[in-house]
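Structure, as structure tokens:
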Amino acid sequence: SLLSLSENASSDPANTLSSTEEKETTEDTKEGDGEETTPKKKLPVFMIAKFDFEAIGDSELSVQPKEHVRFLAEIDKNWFACANKDNERGYVPSDYLEKVPEETCEQLLKEWLEYSAKKKEELAKKAEEEEEEEEESEEEEEEDESAEDLSETEGEGKEKEEREKEEREKEEREKE
């Protein structure tokens with residue numbers, strides 16, 4: 001199961017031991033009174049980076065120390081598939097990560113959902129602004145084009161006036 005995979009993921013033997021003890025305690029309380037008929041919604045497993053890891057290929061995920069990532073799967077004993085806050089996914093060396101306590105997972109899930117909603121809002125706003133800018137620049141281009149047409153017409157008008165003036169002057173000279 002995903003939980004047991006992540007429990008084994010810790011490189012700290014003491015952490016693994018305490019996880020096993022917690023698991024046994026949880027099982028005892030479930031068997032005890034049987035009040036819990038609806039299973040709790042399973043929380044995603046979060047891990048914290050212990051070291052800096054720079055991704056080498058597209059399949060790897062870079063992490064910074066103290067950065068939280070969501071655990072997706074154990075690829076083998078050396079690599080975990082993870083996702084960061086921006087939902088970028090990739091592999092991280094398992095010994096670079098440590099599982100965070102369940103209470104922290106609850107808090108992180110809440111923060112990540114808020115972050116995701118805020119980011120979607122910002123992206124929608126940015127897309128809307130870019131669309132408005134495109135419309136404005138198209139309108140400006142149309143205005144520029146009509147101004148060019150106008151200036152060409154004005155230029156043609158001036159040329160015509162000059163030719164007419166020259167012709168009148170020429171006619172006046174011929175009359176003399």
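Give all pairs with beta carbons closer than 8 Å in which a residue from the stretch 157-168 that is without any contact (Cβ under 8 Å) to a residue 60 or more places away in the chain meets a residue that is surrounded by 10 or more Cβ atoms within 10 Å (Cβ to Cβ); count only pairs at least 6 apart in sequence or on separate chains.
none
Step by step: first the residues of the stretch 40-81, then only those that are among the acidic types (Asp, Glu) and not in a loop (DSSP other than H, G, I, E, B), then the one that is surrounded by the fewest Cβ atoms within 10 Å (Cβ to Cβ). Which residue is that?
Of everything passing the filter in the stretch 40-81, Asp76 is surrounded by the fewest Cβ atoms within 10 Å (Cβ to Cβ).
Across the stretch 15-69, what is the number of residues that are at pLDDT 50 or above and of a type in the set (Ser, Thr, Tyr)?
Within the stretch 15-69, residues that are at pLDDT 50 or above and of a type in the set (Ser, Thr, Tyr) number 4.
The values are calculated or read from the model by the stated rules, or taken from the named source; none is laboratory data. Note that the coordinates shown come from a computational prediction; the quantities given were computed from them, not determined experimentally. Here the Cβ is made from the backbone with ideal geometry for all residues, glycine too, and neighbour counts use every protein chain on show.
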